[in-house]
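The values are calculated or read from the model by the stated rules, or taken from the named source; none is laboratory data. On a predicted model such as this, the values are computed, not experimentally measured, just so you know. Ideal geometry is used to build each Cβ from the backbone, glycine not excepted, and the neighbour counts take in all protein chains shown.
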Amino acid sequence: MRIVRFNYEEHEEEVDKQLVHNIPVFREIEVLRELVKGDDKKKIAQNLFISERTLYNHLANIYDKLGINNAIEAYNKAMDLG
């Protein structure tokens, strides 16, 4: 078996972009917090003073970053992450 070392310096920019892409931004965290309260999407949008379309954009970003497909999985993931 051969061990290969990853040279971070050679790939620093690529790694940083991937890490940043997978970290939910503050507003997405707010959306997750509202989602776990159990309100419907219209109410969540009203509570956050955003349009429903913006809410759906945030949800799509959250689903992508967390590797999930729907609100139930988002709820479960949020509970796991604290």
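Annotations
- Every residue from the stretch 36-61 that is in a helix (DSSP H, G or I) and either among the small types (Gly, Ala, Ser) or at pLDDT below 90 (or both): Val36, Ala45, Ala60
- Members of the stretch 38-65 found to be on the phi < 0 side of the Ramachandran plot, surrounded by fewer than 16 Cβ atoms within 10 Å (Cβ to Cβ) and hydrophobic (A, V, I, L, M, F, W, C), listed by number: Ala60
- Residues of the stretch 66-78 classified as in a helix (DSSP H, G or I) and either crowded, with 16+ Cβ neighbours inside 10 Å or in contact with a helix residue (DSSP H, G or I) (Cβ under 7 Å, 6 or more places away or on another chain) (or both), total: 6
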